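Working notes, beginning with the structure itself.
The values are calculated or read from the model by the stated rules, or taken from the named source; none is laboratory data. What you see is a predicted model; the values in this text were computed from it and never measured. Using ideal geometry, Cβ is built from the backbone for each residue, glycine included, and neighbour counts are taken over all protein chains shown. Remember, those area values only see protein heavy atoms, side chains included, never the ligands or the DNA or RNA. Shrake-Rupley method; radii C 1.70, N 1.55, O 1.52, S 1.80 Å.
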Amino acid sequence: MFPALEKEPKPKTLPDPYEDFMYHHLQYYGYFKAQRGSLPNSAAHQHVWKNNPGYLLSGSFGKRDDLMPDPLQKEKRLWPTCLSTVRRPLEAVSRDSLKLSSPLVKSRQLLHDDLGEVNPRLREPRDLFAFFSGSGPLGAPRWPIECEVIKENIHHIEWVPPHPEYFYQPTGNEKIPEIVGEEKGTVVYQLDSVPTGDSCFISSRVGGKRGIIKELAVTLQGPEDNTLLFESRFESGNLQKAVRVDTYEYELTLRTDLYTSKHTQWFYFRVQNTRKDATYRFTIVNLLKSKSLYTLGMKPLMYSQLDASTHSIGWRREGKEIKYFRNNTDDGQQPLYCLTWTIQFPHDQDTCFFAHFYPYTYTDLQCFLLSVANSPVQSQFCKLRTLCRSLAGNTVYLLTITNPARTPQEAAAKKAVVLTARVHPGESNGSWIMKGFLDFILSNSPDAQLLRDIFIFKVVPMLNPDGVIVGNYRCSLAGRDLNRHYKTILKESFPCIWHTRNMIKRLLEEREVLLYCDFHGHSRKNNIFLYGCSNNDRNFWLHERVFPLMLSKNAPDKFSFHSCNFKVQKCKEGTGRVVMWRMGILNSYTMESTFGGSTLGNKRDTHFTTEDLTSLGYHVCDTLLDFCDPDRTKFMQCLAELKELLQQEIHKKFKEFGQDMDLEGSWSDISLSDIESSTSGSDSSLSDGLPVHLLNIANELSQKKKMYKKKKRKPLQSRKQRNKQYQKNNLMKESKLAEDAPERAGFASTLQKQPAFFKNSENASSSMMKNEKQRVNEREKPGFTVSYSPKRSTNPSQEPAPDMKPNWARDRYPATKRGRTATTVCPSLHIYTYP
């Protein structure tokens, strides 16, 4: 195309600043992805650039497709392909040359097929926020600037034990160690300055605290030193202090949720320098819950890095002499509880991890979403978007999953299902259930395809990424439990739940939301169960219990319907379940999955594995199909079974109170909230309210909201609203004209002969008309006719007879009966007069 380029040798000159600028500028706007060395030297090709202004953009470095970034490889630009047009004066360009096929039309939104014939079409709109690409790195987690973070990448393999892991069976001889503390022990690991309830979140950065990362573990004195080396400054890690109180015995203190002084339950830490044949004892000394699954046989989780690398063995339940007991060292504050267990490590010089439950980090989620985004099949029906940014600036992802609809009517008819998880960061079992759901709904299974055909799934897989990253158990970086603030007006302080609620609110304006479910974990009950909301509408009585009952039938060895509860308590008004229910979602649930295991069926007295939890995600999909089956046989069978179960429960309650009552015909009128006990959820059920630094902001926003409502102008009406108002006004005018017509037509002679009677009749008639007009206005609706007939009485001042009720149908008798005549009859408006 440019023969001068082939003849003229390429001079060896230094990079030109202008060339460097143009390289970055044009690459930024996506015109090519050439290497820096392939960019023509400005000195060598200066005359080409002057004579051909479109040279750099016309693909003169080689094939055009090679210079485009990957998403644009087969897209051709609509401008400078014709250099002669570019060289013409601008005023010489006519209007005809500015058509879509003109080379002067420059647009990155228009795509076309080939260079010869232009068939423009619009490019798919970009995401509101930048999303990770297949070629680029993942967005690194952002930490509060007070947190030190080690540079190592912690990764664990997924593994399912080949045999059931049974609960620990107490022998009664478990030792209760004496808590001695730092005074009699040696601190071998301790975090520096941990933000507590006296401080608040200020800012964040990738990598956390600036500066050199200090080594917190003790320095070994030689190869014979058998001191364990502790570490927890990694993603989702939690351990504040370790005190060595004997050769192989350690007291551990967990870190409270950041910017709070409580919520110690989740632990996840690393130990190194292990010894194989020794029996170690670990005792966590500052747990806050009085009841725990550790009293019912739950074991801690352990992960050996040597076993993982040599035998592909992952997390497993380990521990003996497990005991949960109250800490007797009373410091005058709230009571503390201890968990102690013994263990023997499988290898010398191994690196091992301990955790409360199977970890699932923010990076794990990003890797999963990256695989979905890079899948050519899954990305067709799963759109990944950014819902918002968290308080620390981490991305909160939103997935929209549905098959493309063939017609707009088909798309509008789809109902929605909303699923969320990890509002409580320490409840990682919610993420494993969510992963199982996503694995199935994104698969090529016929059932998954059917679900995508009939539903639109809105999924927020991690509501509280900040808490997950820093290793909190319950709170966000605002220092509060997000699942008590779904009614918040503080968008900047609680962005994740504010945007989630707002997204669901907009969704409800578009279509029906059939089901909302928030995945949680439970620390005091075994099995999996649901919390719902009892419906007061008798047309849908007990319908909210059908889905949980169906799920218990599909997963009988994991899901317990008898553990479900549907009572709405005052302390739970700020939860996602109750707020979404009050917004109009009948089937609004919190799914609670245990940290322990099952007491049902074939899995009785065994711990749950990640495979058990992911399989429940499949069962949710399977139950959704049963719940929406056009054949309502299953639904009606479950409804009948629920009525029978409820009747038995009512009889049981009456017997507890020493009463015997025949409930035939009236038992369904008893309030369900009187039957059920309160949900035995977390000890942290009560909200702490807003932090001190947010109280003034909340009050100011409330005042502004009230002032805005007072000053709010009357909104503009749509055409439809104006038409309705016009029809209503016309109907009122017709009513008034019909009221005046009888007086002018039928009472002309009466007006002259009997003035006294007319006066009395007029007063009575006008008073009756006034009352009846109010009734018409109350019942009146645009598009419907109104039948109007006042009570017939020879004396208007008389009251209706006692057996006569103000029934509209009963008042519509023919006016000719009992010697009365109708002087005027208007269309759809009957007015009776009396001689």
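Structure summary
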quantity: Any chance CYS388 is surrounded by fewer than 17 Cβ atoms within 10 Å (Cβ to Cβ) and either at pLDDT below 95 or not basic (Lys, Arg) (or both); calculated: no
quantity: From the options ASP622, ASP605, ASP612, residue that is modelled with pLDDT of 95 or more, open to solvent by less than 20 Å² (accessible area, probe 1.4 Å), of a type in the set (Asp, Glu) and under 30 Å from SER428 (Cα atoms); calculated: ASP612
quantity: Only listed residue being in the same structural domain as LEU306 (by the TED database), among the hydroxyl-bearing types (Ser, Thr, Tyr), open to solvent by 20 Å² or more (accessible area, probe 1.4 Å) and within 30 Å of ILE145 (Cα to Cα), chosen from SER236, SER203; calculated: SER203
quantity: Any helices (runs of 4 or more DSSP H) falling wholly within the stretch 441-521 and containing at least 1 residues that are crowded, with 19+ Cβ neighbours inside 10 Å and hydroxyl-bearing (Ser, Thr, Tyr); calculated: 495-510
quantity: Residue within the stretch 594-601 that is over 22 Å from PHE357 (Cβ atoms), open to solvent by 40 Å² or more (accessible area, probe 1.4 Å) and out of contact with any Lys or Arg (no Cβ under 9 Å at 6 or more places or on another chain) present; calculated: no
quantity: Residues being over 22 Å from PHE494 (Cβ atoms), open to solvent by 40 Å² or more (accessible area, probe 1.4 Å) and out of contact with any helix residue (DSSP H, G or I) (no Cβ under 9 Å at 6 or more places or on another chain) - total across the stretch 538-586; calculated: 2
quantity: Test: residue in the stretch 340-357 that is closer than 25 Å to GLY139 by Cα, surrounded by 16 or more Cβ atoms within 10 Å (Cβ to Cβ) and in contact with a His (Cβ under 8 Å, 6 or more places away or on another chain); calculated: no
quantity: Within the stretch 265-317, tally of residues that are part of a loop (DSSP other than H, G, I, E, B), open to solvent by 20 Å² or more (accessible area, probe 1.4 Å), at pLDDT 95 or above and among the small types (Gly, Ala, Ser); calculated: 1
quantity: Criterion violated by ARG244 - all others in (1) open to solvent by 20 Å² or more (accessible area, probe 1.4 Å); (2) of a type in the set (Lys, Arg); (3) not in a strand (DSSP E or B) satisfied; calculated: (3)
quantity: Matching option when the condition is in a helix (DSSP H, G or I), over 23 Å from ILE528 (Cβ atoms) and either of a type outside the set (Phe, Trp, Tyr) or within 14 Å of the chain's Cα centre (by Cα) (or both), among ALA392, ALA412; calculated: ALA412
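Yes or no, residue by residue, for (1) closer than 24 Å to LEU507 by Cβ; (2) of a type outside the set (Gly, Ala, Ser):
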residue	(1), (2)
LYS525	no, yes
PHE540	yes, yes
VAL546	yes, yes
CYS571	no, yes
VAL578	yes, yes
MET583	yes, yes
SER593	no, no
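Condition check ((1) in contact (Cβ under 8 Å) with a residue 60 or more places away in the chain; (2) surrounded by fewer than 13 Cβ atoms within 10 Å (Cβ to Cβ); (3) among the acidic types (Asp, Glu); (4) out of contact with any helix residue (DSSP H, G or I) (no Cβ under 9 Å at 6 or more places or on another chain)) across all residues:
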{"position": "LEU191", "(1), (2), (3), (4)": "yes, no, no, yes"}
{"position": "GLY197", "(1), (2), (3), (4)": "yes, no, no, yes"}
{"position": "GLU224", "(1), (2), (3), (4)": "no, yes, yes, yes"}
{"position": "LEU229", "(1), (2), (3), (4)": "no, no, no, yes"}
